[in-house]
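Written out below as structure tokens is the structure these notes cover.
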Amino acid sequence: AASIASAVVASTTSISSIEAADGGVIHKENSHTGSTDWQLTYTKVDPKTRYRCPWIEGYCSRASVKAGEALDIMVSANPPGRFTIDIFRIGYYDGAGARHMQSLGPFDGASQPDPAIGEERIRECQWKPCTTITIPNDWVSGVYLGRLSLVDTQWQSYIVFIVRDDRKADIVFQCSDNTWQAYNRWPDQFALYDDGKSEWALKPGIRVSYDRPYGKYCQILDAPQSQGSGEFLLWEFPFVYWLEREGYDVTYVSNTDVHADIKSITRAKAMISVGHDEYWSLEQFNHVKQAIQEGLNVGFFSGNTCCFVSPFAPSSTGVPDRNFTRAGCFGGASKAEADRGMGPFPMEG
């Protein structure tokens, strides 16, 4: 992540396109002073689990949140220790790549329990929040990273959440956070690809929860400096940086937002899918399909797009859309895929 971020941040021009943009929310937001210290500088991965950072790790109570709404932040420190949270909005900001929004803490960090293995191998944390923040009215829609930093040992990791709004915009950027979670092996081998037997299973009957930290991304790249941010820094951040550098009128949503409400995308002229956008619910698919029929432009700058049907379910405490499973392939699994061990899936009978 650091190499990607450094390359993108370094690609500034003497006179950026944003200076020529004719105002707007994103132009005004990026006129604020940026911060260059938003990246993790002290981070490591537990060699026993290969993916988690137990020294400091956390997650948020919601994938996306609007101004005026509350967001719980859950953090575990093992061994216990004081920590701070610095929240950054990711964008262009004259090449810095992020803007520092708020500092929180220090907090007295405690070691919170690993969840039991539940039905369909789900690992659902029920950690106590270290703090609850109310999203300020002046926080512009975007992807926000919270940098967790231990005070005494300096180890760090991220939490990630999306701030959304209801305004009309030219472009809705649909974050691919279902796929971030599908590949999340936290605490060790509990992605949608782990059935307890094979490290890359492509079967039904496995479930993942948003109520857990993001471990190190498990495919292609060894990028511990993205710890806690899902796949966002690896695949989506460069596009965000470019969009906001060019001054495009963009607003951001989660996969869960498109699943829940077609209006999350029909308020815009276009929706874009970026990075690795593999896991869609059937409701999300139908909303995008209907929106296209009604005139929405859609651009797919993503791989494996809309591959697996992933129905949502509520958490054990009743919070909607907090976990999902792999229940089918859009278009059905081919004979070659079935012969290689994919499926069979209940939604393709």
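The values are calculated or read from the model by the stated rules, or taken from the named source; none is laboratory data. Given the structure is predicted, the values throughout are model-derived calculations rather than measurements. Every residue, glycine among them, receives a Cβ derived from its backbone with ideal geometry; neighbour counts consider all protein chains shown. Only protein heavy atoms, including side chains, enter the accessible area calculation; ligands, DNA and RNA are left aside. Shrake-Rupley method; radii C 1.70, N 1.55, O 1.52, S 1.80 Å.
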| Rounded percent of accessible protein surface that carbon and sulfur make up, the chain, 1.4 Å probe | 51 percent
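Only Cα pairs under 8 Å and at least 6 apart count here; give the relative contact order of the range 53-110 as a rounded whole percent. Could you put the intermediate results ahead of the total?
Values: 90 pairs, mean separation 18.5, N = 58.
Here the relative contact order equals 32 percent.
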| said: Can you give me the solvent accessible area of Trp235 with a 1.4 Å probe, rounded to the nearest 10 Å²? | reply: 80 Å²
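Given N residues in the range 202-243, what is its alpha carbon radius of gyration divided by 2.2 N^0.38 Å?
On the way: Rg = 12.8 Å, N = 42, 2.2 N^0.38 = 9.1 Å.
In units of the 2.2 N^0.38 Å rule of thumb, it is 1.41.
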| task | Pick out which of Asp211, Asp108, Asp249 has the largest mean-square fluctuation in a Gaussian network model of the chain, springs linking Cα atoms closer than 10 Å. | result | Asp108
| Along its principal axes, what span do the Cα atoms of the range 113-199 show, with the longest given first and each in whole Å? | 47, 39, 21
| query | So which lysines can Lys216 reach, going by Cα to Cα under 22 Å and dropping same-chain residues fewer than 8 places off? | reply | Lys44, Lys48, Lys197
| request: Set Lys and Arg Cβ to +1 and Asp and Glu Cβ to -1, take the dipole of the range 25-175 about its Cα centre, and tell me which of Leu148, Tyr51, His100 lies farthest positive. | output: Tyr51
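If Lys and Arg each add +1 and Asp and Glu each add -1, what is the summed charge of the other residues whose beta carbon sits under 12 Å from the beta carbon of Pro106?
Details: positive: Arg82; negative: Asp86, Asp108, Asp152.
So the environment of Pro106 carries a net charge of -2.
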| field | Inter-label distance, nm, simple model (7 Å from Cα along the C-beta direction), Ala67/Asp261 | value | 1.5 nm
| request: For the range 43-164, just list the percent of Cα-Cα distances falling in each 5 Å bin from zero outward, please. | output: 2, 10, 19, 22, 19, 14, 9, 3, 1, 0
| remark: At the level of C-alpha centres, the distance separating the range 239-293 and the range 83-121, in angstrom, is 24 Å
| For the chain, what's the relative contact order in percent, using C-alpha pairs closer than 8 Å and at least 6 residues apart? | 19 percent
| task | Given the options Ser35, Ser176, Ser76, state which has the largest fluctuation in a GNM of the chain using a 10 Å cut-off (strictly under) for Cα springs. | result | Ser35
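Per DSSP helix of 4 or more residues, -39500 (n - 2.57); summed, then divided by the residues of the chain. What does that give at 222 nm, rounded to the nearest 500? All intermediate terms of the calculation are to be shown ahead of the outcome.
Values: 8 runs with 55 residues, N = 349.
Rounded to the nearest 500, it is -4000 deg cm²/dmol.
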| request: Go ahead and set up a Gaussian network model of the chain, Cα springs under 10 Å, then flag whichever of Ile117, Ile85, Ile162 fluctuates most. | output: Ile117
| query | Counting other Cβ atoms within 10 Å, which GluC sites (Glu not before Pro) in the range 264-329 have at most 16 and lie in a DSSP loop? | reply | Glu294
| request: Express the accessible area of the range 24-127 per residue in Å², computed with a 1.4 Å probe while the remaining protein chains stay in the model. | output: 44 Å²
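How do the peptides 238-248, 334-344 rank, highest first, by the average count of neighbouring beta carbon atoms within 10 Å per residue?
The packing order, highest mean first, is 238-248, 334-344.
Going by the alpha-carbon gyration tensor, a ≥ b ≥ c the square roots of its eigenvalues, is the range 144-184 rounded (a/c under 1.5) or, if a/c is not under 1.5, prolate (a/b greater than b/c) versus oblate? Working shown, then result.
Details: a/c = 4.90, a/b = 1.89, b/c = 2.60.
Oblate, because a/c is 1.5 or more while a/b does not exceed b/c.
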| query | Which percent of Cα-Cα pairs in the chain sits in each 10 Å bin, short to long? | reply | 5, 26, 35, 25, 8, 1
